[in-house]
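Worksheet for the structure shown next.
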Amino acid sequence: MYKVIDKQALFRRLFLYFLPLGVIGYFLDIPFILLSVGALALLVWHYQQLYRLSDWLLNQRSFNPPEGKGAWEQVFEGIYQLQQRNRKKRNELAELIRRFREGAEAIPDAVVVLQKDLSIVWCNQLALKVLGLQWPTDHGQRLDNLIRDPKFVRYMLRQRFDEPLELETGLAHEKVLEIRVMPYAEQLMLVARDISRLKQLEQMRKDFVANVSHELRTPLTVMAGYLEMMDSDNMPPPAIWEKAHGTMMEQCKRMDSLVNQLLSLSRIEGARKQDNDKAVNVPAMLDLIHTEANSLNQDKGHELVFNIDRNIDVKGAPDELRSAFSNLVFNAIHYTKPGGKIEVNWQLVNDLPQFSVIDNGDGIAAEHIHRLTERFYRVDKARSRKTGGSGLGLAITKHVLSRHDSTLKIESKVGEGSKFWFAFPKTKGIFMTMD
Ligand code: ADP
């Protein structure tokens, strides 16, 4: 730490400078002239120092000050110290900004820092992508001039940011953005989050509840109709009663099967991955399915062919696999015209255990195929109802397979038939016993 200029030393130095001049001047009888010349010389010297200082400050690139003389030494040194302190502060500040920017870049949301008048101060990389901003071109531009959606402009101009804004935007490929604005230190921080997936899930949940209600209401309406008839004074003849009884039983079964399917769907969704490693005797399981298929096939009279390799077992959840396998077999029976041919295969294909069901039924048009595993999706609702189908079977199959590291594949041609199949991976707990 340098000391401030010592006043006493300064006076002493001045005194020692002017004293000899005064004494010599006194003896030569020109004291004022000599003192004035001395003062002038001192002034010139000081101007010289001042010039060196300003030259260093303005023109020189060197960080070190020129060597100062006399009282100027401390001035030069003082300025140098001040500069060093400023430089250190500037570096600290730059580091702070760098860390803030790095932090803002790490946030998985688009971040834009705005002035109060909505002009852009800074934005992260994600903001360029999500909000379609351009950097540095848009620096200083007003954000409400760049995003012209009236809802957004109104929200920003109202300057009340207690509630977030949901914005459906064509900018980010028809995404839904949640925009939050936080005022801080004379500026605003805008954070935009992509909530399309959340919205989609919310919509799926709503659709699901609506579908379940609808599915349950249909049989309930039928039963309520018959029950009302029973209550009236004009009792219908026994023949109608017989029919009513049959229909009510059928509707009860429908509801029962729907509730069972819903329960098994929620069980599969909530099941733990660890429960998936029991040894499952697939050939024995397919024998049982074969027996059930035969009884279901009585009215239809299809030719059922089961090609089962008895050497292949898998690891998995037995109940889940049973419903996945049987759904495909029973669907083939349901959706093939009487007298068709259904082939069920459990064999090694390309060294992997593969299950396939091939029918020569009506087939499915291409536009429906990718939607078949959606809950409650049916190509022909009326027809599917007749078979007691609720549109949940393939959704269950898809879920079961994904829990067993497999995927359902569907090939179909209208008028020719369909093939549903899936293969299990060799790894991930699946094993085979070869005799
Ligand atoms: P459902 O309970 O209605 O049978 P699924 O989820 O099992 O529901 O099947 C969804 C839809 O896929 C069915 O409604 C039917 O339209 C179609 N489908 C399934 N399997 C076949 C098949 N083998 N042949 C033709 N269409 C099929």
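The values are calculated or read from the model by the stated rules, or taken from the named source; none is laboratory data. Just so you know, these numbers come straight off a predicted model, no measurement behind them. All Cβ positions, even for glycine, are placed from backbone atoms using ideal geometry, and neighbour counts span all protein chains on display. Quick note on the areas: whole protein, heavy atoms, side chains included, nothing else; ligands and nucleic acids left out. Shrake-Rupley method; radii C 1.70, N 1.55, O 1.52, S 1.80 Å.
A compact table of results
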read-out	value
For V314, residues with placed amide H under 5 Å, excluding near neighbours	V280, V282
Overall Cα dimensions of segment 85-153, principal axis frame, Å, largest first	49, 26, 19
Gain on full stretching of the segment that runs from N260 to E102 - 0.36 nm per residue minus C-alpha separation	51.7 nm
Per-selection metrics, segment 143-206 (Cα): Rg and Dmax in Å	12.9, 42
Average Cα contact separation per residue, segment 1-98, under 8 Å, 6 or more apart, as relative contact order %	22
Heavy-atom accessible surface of segment 317-373: percent carbon and sulfur, 1.4 Å	50
Burial ranking of peptide ranges 220-227, 279-286 (average Cβ count within 10 Å, highest at the top)	279-286, 220-227
When each of K199/K273; K199/K253; K129/K273 is checked by Cα-Cα distance, pairs over 32 Å	K199/K253; K129/K273
Distribution of pairwise C-alpha distances over segment 121-163, 10 Å bins, in %	26, 50, 24, 0
Computed Rg/Rh of segment 257-396, alpha carbon atoms with Kirkwood Rh	0.96
R0 of 35 Å, Cβ-Cβ distance K278-F306: FRET efficiency to nearest 0.05	0.90
Rg/Rh for the chain, where both radii come from Cα atoms and Rh is the Kirkwood radius	1.41
Compactness index (Cα Rg / 2.2 N^0.38 Å), segment 52-119	1.80
Diffusion coefficient, µm² s⁻¹, Stokes-Einstein with Kirkwood Rh over alpha-carbon pairs of segment 1-136 at 25 °C and 0.890 mPa s	120
Axial C-alpha extent at least 15 Å, average Kyte-Doolittle at least 0.5 - helices from the chain (DSSP)	7-28, 31-58, 282-296
Most to least packed among 317-324, 29-36 [average Cβ atoms within 10 Å]	317-324, 29-36
Estimated FRET transfer efficiency when R0 is 60 angstrom, pair M230-A366 (beta carbons, to 0.05)	0.80
